[in-house]
Amino acid sequence: MSDQQNDPYAGLQNRLAKTTDEARAAAVDKRHARGGRTARENLADLTDGGAVSEYGQLAVAAQRTRREGDALYAETAADAVITAVGAVNAELFPIEQSQTALIINDYTVLAGTQGYFHHRKIDRLLEISEQDDLPIVIYTEGGGGRPGDTDVWVSMAGLNVPTFHRWAALAGRVPRIAVNHGYCFAGNAALFGAADLRIATEASCIGMAGPAMIEGGGLGSWKPQDIGPVSVHRENGVVDIVVVDEAEATLMAKRVLACVQGSVADWQAADQSELAALMPTNRRYAFDVRKIIRHLFDTESFIETRPDMGRAIITGLSRVEGRAVAVLASDCRHLGGAIDGESATKAAALYQLAERWRLPVVSLIDTPGFMVGPESEAGGAPRLMSDLFIAGATLTQPIVAIFLRRAYGLGAMAMTGGSFEVPRYAVSWPQGEFGAMGLEGAVHLGFRQELAGAPDEGARQALYDKLLAEMYDKGRAVEAASYLEIDAVIQPEETRAAISRALVAS
């Protein structure tokens, strides 16, 4: 009889020890040498070292016919994925609010590939998440499906795996945050891409196939670092937030997760009397709306998403008096704030995230409308821009619309959920201006004959300036409010209070 049979407690400790980083010292050293962290280091950081309930820790790969003893236990520990439930942000929220389902791929074990028991462990955590209404944080690094699980004889192609369906089916039911560092291919990439919000380090490469599959498909030989690098995905919307390394990724995951865990009592805000100075007095001048965002919302609370995609619109998460909100804002420094197809896609994604995570939306509007012209139409404008209306129409969360300056045409309507009647509260700063299209275009189009009939260029310019001034007077915020197009006109320093009051009942 073995020592482990004589002492089952010692046997348990021996098997558990095989799952630790110490059991794979060489692999861990290699990981550290490349600037990475282990799955258990990420787990400890995510939970601030707190105790977790781990599921399937003693699992090994379905390779008992290929490996034996310590080689099986250490080299395939936990079948390359840690699945657990633990408290994240416990210093901010009570235990019941901080409980989180955690799925952390372990690249030091079989390159984080997805095997038979690997999938079963993830499926189990997804089931627990659905039953207990737990948000999920998943670390997706790994090489995709694993062909070496020779113990499984009941599967031919292995396509009846429920993981991907169950993961996708949780959209809108529980918040799902994906984090990636390093190579993430095939099935791992599918899990990453289907998350609600996606965080990746600069060293990430994310693709629906890795080098072997690409070459096997006759598509050439590629290095893994050339497949789906972050430099590409930060611009196409695959990655929402780019960070430097796993430490920053984990911190960002905690910050984002906190937005769905609840309100915080400890918050600060800038002096709101300074807000008006951030807006130029000349309506033709551009301004940095990010400065307004950082000044308006709780200090250091703004988390921007997709900053390198669709730059005419800024999206992100923030807080007002401790309450989390989704943020939509025009950026007049790109395309004058005109909403092109990419920006519309980005804004629609923000509406969808707000709906899934049950967050109110604060929309800061300064747009001349949708981007027009042959190039815009060739890029799919009618479909992409209409998708923004669909996303707004399916949003059940409240919107607070703040018109900073220009609000023209269908683009302005799209930024309020599809119609000015949608917002819980629609208010404008005093310099707000409203119309069916941009003032300049309205004058040129509506008074074409009068302008053409001017005796000379000087008279034509004088007439144009006069008509433009009249148009501006008719479209001023106070006039829009008098026709009940909007609910109120407020001073900039009143904006935070207006947002808070509008959201009290929601």
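Observations on the structure shown:
- Gain on full stretching of the segment that runs from N6 to R290 - 0.36 nm per residue minus C-alpha separation: 95.6 nm
- 3J(HN,Hα) from dihedral phi, region 355-360, Karplus parametrisation 6.51/-1.76/1.60, rounded to Hz, x for glycine, proline: 5, 5, 9, 6, 10, x
- Computed extension gain for E494 through W222, at 0.36 nm per residue and net of the alpha carbon distance, reaches 92.3 nm.
- Across the chain, the mean sequence separation of Cα contacts (distance under 8 Å, 6 or more residues apart), normalised by length, yields a relative contact order of 8 percent.
- Cross-link pairs beyond the 32 Å C-alpha cut-off, checked among K121/K254; K223/K291; K30/K346: K223/K291; K30/K346
- For region 343-484, the relative contact order is 23 percent, taking Cα pairs closer than 8 Å that sit 6 or more residues apart in sequence and dividing their mean separation by the residue count.
- Beta-bridge orientation, the chain: approximately 40 percent antiparallel, per DSSP, counting only bridges with both partners inside.
- Ranked list, fewest to most other Cβ atoms within 10 Å of each Cβ, for Y9, Y116: Y9, Y116
- Taking the helices alone, the chain has a mean residue ellipticity at 222 nm of -11000 deg cm²/dmol, built from -39,500 (n - 2.57) per DSSP H run of at least 4 residues and averaged over all its residues.
- Overall form of region 327-440 per C-alpha gyration tensor (a/c, 1.5; a/b vs b/c): oblate
- Counted charge near E202, where neighbours are those whose Cβ lies closer than 13 Å (Asp, Glu -1; Lys, Arg +1): -3
- Amide H contacts for V243 (H built 1.01 Å from N in the peptide plane; partners 5 or more residues away or on another chain; cut-off under 5 Å): A200, T201, E202.
- Shown for F164, F389: other C-beta atoms within 10 Å of each C-beta, ranked fewest to most, produce the order F164, F389.
- Tilt relative to the chain, helix 457-474 - C-alpha long axis, 0 to 90 degrees, to 10: 70
- Residues H118, H444, H165, H233, arranged from fewest to most other Cβ atoms within 10 angstrom of their Cβ, appear as H165, H444, H233, H118.
- Within the shell of other residues whose beta carbon sits under 11 angstrom from the beta carbon of S98, the net charge comes to -2, with Lys and Arg scored +1 and Asp and Glu -1.
- Amide H to amide H, with H built 1.01 Å from N, L170 comes under 5 Å of no residue 5 or more places away or on another chain.
- The mean of 1/r over all pairs of different alpha-carbon atoms in region 80-213, once inverted, gives a Kirkwood hydrodynamic radius of 15.2 Å.
- R0 of 45 Å, Cβ-Cβ distance E304-L468: FRET efficiency to nearest 0.05: 0.85
- I339 long-range amide H proximity, modeled H, under 5 Å: G369, F370, M371
- Sites N282 and E321, calculated FRET efficiency, Cβ-Cβ separation with R0 22 Å, nearest 0.05: 0.10
- Rounded, prolate or oblate (a/c below 1.5 giving rounded, otherwise prolate when a/b exceeds b/c) for region 3-260 by Cα gyration tensor: rounded
- Integer Hz, Karplus 6.51/-1.76/1.60 couplings in order for region 384-395, x for Gly and Pro: 5, 6, 5, 4, 5, 5, 5, 4, x, 6, 8, 7
- Rounded if a/c under 1.5, otherwise prolate or oblate - region 28-74, Cα gyration tensor axes: oblate
- Each residue of region 485-496 is assigned a 3J(HN,Hα), and the resulting list reads 5, 10, 7, 6, 10, 10, 6, x, 5, 8, 5, 4 Hz, derived from the Karplus form 6.51 cos²θ - 1.76 cosθ + 1.60 (θ = phi - 60°), x at Gly and Pro.
- S506-R383 pseudo-label distance in nm [points 7 Å out on the Cα-to-Cβ vector]: 3.1
- Neighbours of R176 by Cβ distance under 10 Å: Lys/Arg scored +1, Asp/Glu scored -1, total +2.
- Rounded FRET efficiency, nearest 0.05, which uses the C-beta distance separating A44 from A71 and R0 of 30 Å: 0.70
FYI, it's all coordinate maths here, none of it is from the lab. Predicted, not measured: the structure shown is a model, and the values here were computed from it. Note: ideal-geometry Cβ built from the backbone for every residue, glycine included; neighbour counts use all protein chains shown.
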